[in-house]
Amino acid sequence: MQSRGILMVEHRLIERMISQVKKALDRLRQEGSIDPHFIDVAVDFVRTYADRTHHGKEEDILFRGLESRPLSDNDRRVMGELIQDHVFGRQKTQALIDANNKYRTGNQAALADVSEALHALVEFYPKHIQKEDKLFFPAARAYFTEDEDMALLTRSMNLTGK
């Protein structure tokens, strides 16, 4: 397995959760309500797994390993976009937390903010994952030797606990 392989496997799990979030969003649009506990679970997954664990690996291992490499202008630009994507994901997740807290206390108007934040995350993650899987990860692989790539894989797996 290459170092990007573990990140791509993690993407599949994130996609599965995002599909559940999309189903909840669809129900919200049809029924006009949502279970705030589901939002808590989704937020916990996004914060703990997608952001801290997965994006943490990308930022702390892959991107940090690429910082000193002679990246093409395009690859450096895409890496910067991915970093900004992570910031966007964190902001939308926080907006979801805030809206869910208001909704949980009976503020029905907050449901529109819950819907907007869910929609933003459902739209964001598939595009972000596609950019990484199809564009950035293959390009990034060229900047590492086999031994360096194996060292990245080992660090990623150690962070996962495998």
Can you compute the modelled spin-label distance between Arg155 and Glu15, with each label point 7 Å from Cα toward Cβ, in nm? 2.7
How much net charge surrounds Asp113 when only other residues with a Cβ under 13 Å from its Cβ are counted (Lys, Arg +1; Asp, Glu -1)? +1
Specify whether the C-alpha gyration tensor of region 45-85 places it in the rounded, prolate or oblate class, a ≥ b ≥ c being the square roots of the eigenvalues: rounded for a/c under 1.5, otherwise prolate if a/b is larger than b/c and oblate if not. oblate
Go through Lys92/Lys131; Lys23/Lys92; Lys92/Lys134 and tell me which ones have a Cα-Cα distance over 21 Å in this structure. Lys92/Lys134
Could you list, bin by bin from short to long, the percent of Cα-Cα pairs of the chain in 10 Å steps? 10, 38, 29, 16, 7, 1
Cβ-defined net charge surrounding Ser68, 13 Å radius [Lys, Arg +1; Asp, Glu -1]: +1
222 nm mean residue ellipticity, helices alone, for the chain (DSSP H n ≥ 4; -39,500 (n - 2.57); rounded to 500): -23500 deg cm²/dmol
Taking the radius of gyration and the Kirkwood hydrodynamic radius from Cα positions alone, what is the Rg/Rh ratio for region 120-161, to two decimal places? 1.11
Residue list for region 119-134, given a label point 7 angstrom along the Cα-to-Cβ vector of Arg47 and an amide N cut-off under 11 Å: none
Please compute the modelled spin-label separation between Gln91 and Gln130, points set 7 Å along Cα→Cβ, answer in nm with one decimal. 2.2
Would you work out which of Ala112, Gly5, Val122 lies farthest towards the positive end of the dipole of the chain, given +1 charges on the beta-carbon of Lys and Arg and -1 on that of Asp and Glu, about the Cα centre? Ala112
How would region 2-87 be classified by its alpha-carbon gyration tensor: rounded, prolate or oblate, with rounded meaning a/c under 1.5 and the a/b versus b/c comparison settling the rest? prolate
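Values in this text are rule-based calculations from the coordinates and carry no lab data. This one's a predicted model, so the numbers in the text were calculated from it and none came from an experiment. With ideal geometry, Cβ positions are generated from the backbone for all residues, glycine too; neighbour counts draw on all protein chains shown.
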